[in-house]
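Let me begin by presenting the structure, written as structure tokens, before commenting on it.
The values are calculated or read from the model by the stated rules, or taken from the named source; none is laboratory data. Bear in mind the structure is a predicted one, so any value in this text is a computation, not a measurement. We place every Cβ from the backbone using ideal geometry, glycine too, and count neighbours over all the protein chains shown. All accessible areas refer to the heavy atoms of the entire protein, side chains included, with ligands and DNA or RNA removed. Shrake-Rupley method; radii C 1.70, N 1.55, O 1.52, S 1.80 Å.
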Amino acid sequence: MIINKDEILFVILAGGQSKRFGGGFKTFAKFNNQSILDRIITQLKTAKVDMIINANFNQNKLLKNNITIVPDIDNKFNGPLAGIYASMVWSKKNHLRKKWIFTIPSDTPFLPNNLIKKFLCNFDKSKKIFIARSAKKPQPVVGMWDISLVDNLKNFLNGYNKKIMDCVKKHDYKFVDFENNDFDYFFNINTLQDLKQASVMEREISNK
């Protein structure tokens, strides 16, 4: 490990409009009596890394967590890359010691316990971006990004392509592989049906 956790800023990406979920702010949705967002925050706090939330809604439910909310710069809902860019800009102004942002989607309630440890153990100073991969499937919203890429992201966002992996492939990057045997730690909730499935998944795990 050749990077200090003090140089990392967690960013929970919650800047979307939850259209497939039926609108609203899906990260507040609960299953088994706990919201998706509360699960993620509780998990990330164990790493003792500073944290912000990228969101375009200043709702009281967000503010109660006492975590800084950073909106997209243009408020055009241009996807996760816009949130990553806005978080880099904010960090450069407010956290000069931070060199990396570590992004997590706000709809992924089952993050692995060794998430950040695995990334740090796979750190390579020649790389600018690290992306989680599970069962050979990239998880592009779960990643660690060098803040020095802020201008590169701005230029990419000025184009028509907003796909994360297309942006990633323009830079030196590395996949961080996670085992995915009988449980998908990167299962994300997009629909109400996914929310029901998450409840079942959690109960099955707790019964093992």
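Here is how the numbers come out for the structure above:
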quantity	calculated
Filter pass, K5 being of a type in the set (K, R) and either under 17 Å from the mean Cα position of the chain (by Cα) or at pLDDT 75 or above (or both)	yes
Residue list for segment 140-159, restricted to those being open to solvent by 30 Å² or more (accessible area, probe 1.4 Å) and touching a strand residue (DSSP E or B) at 6+ places or on another chain (Cβ under 8 Å)	P140, V141
Residue in segment 122-131 that is open to solvent by 60 Å² or more (accessible area, probe 1.4 Å), touching a Leu at 6+ places or on another chain (Cβ under 9 Å) and of a type outside the set (F, W, Y) present	yes
Unmet requirement for G79, which otherwise passes all of (1) crowded, with 20+ Cβ neighbours inside 10 Å; (2) farther than 18 Å from I8 by Cβ	(1)
Single condition R97 does not satisfy, out of (1) crowded, with 19+ Cβ neighbours inside 10 Å; (2) in contact with a helix residue (DSSP H, G or I) (Cβ under 7 Å, 6 or more places away or on another chain)	(1)
Cβ pairs under 8 Å, 6+ apart, first in segment 152-181 and in contact (Cβ under 8 Å) with a residue 24 or more places away in the chain, second aliphatic (A, V, I, L, M) and open to solvent by 50 Å² or more (accessible area, probe 1.4 Å)	N180/A135
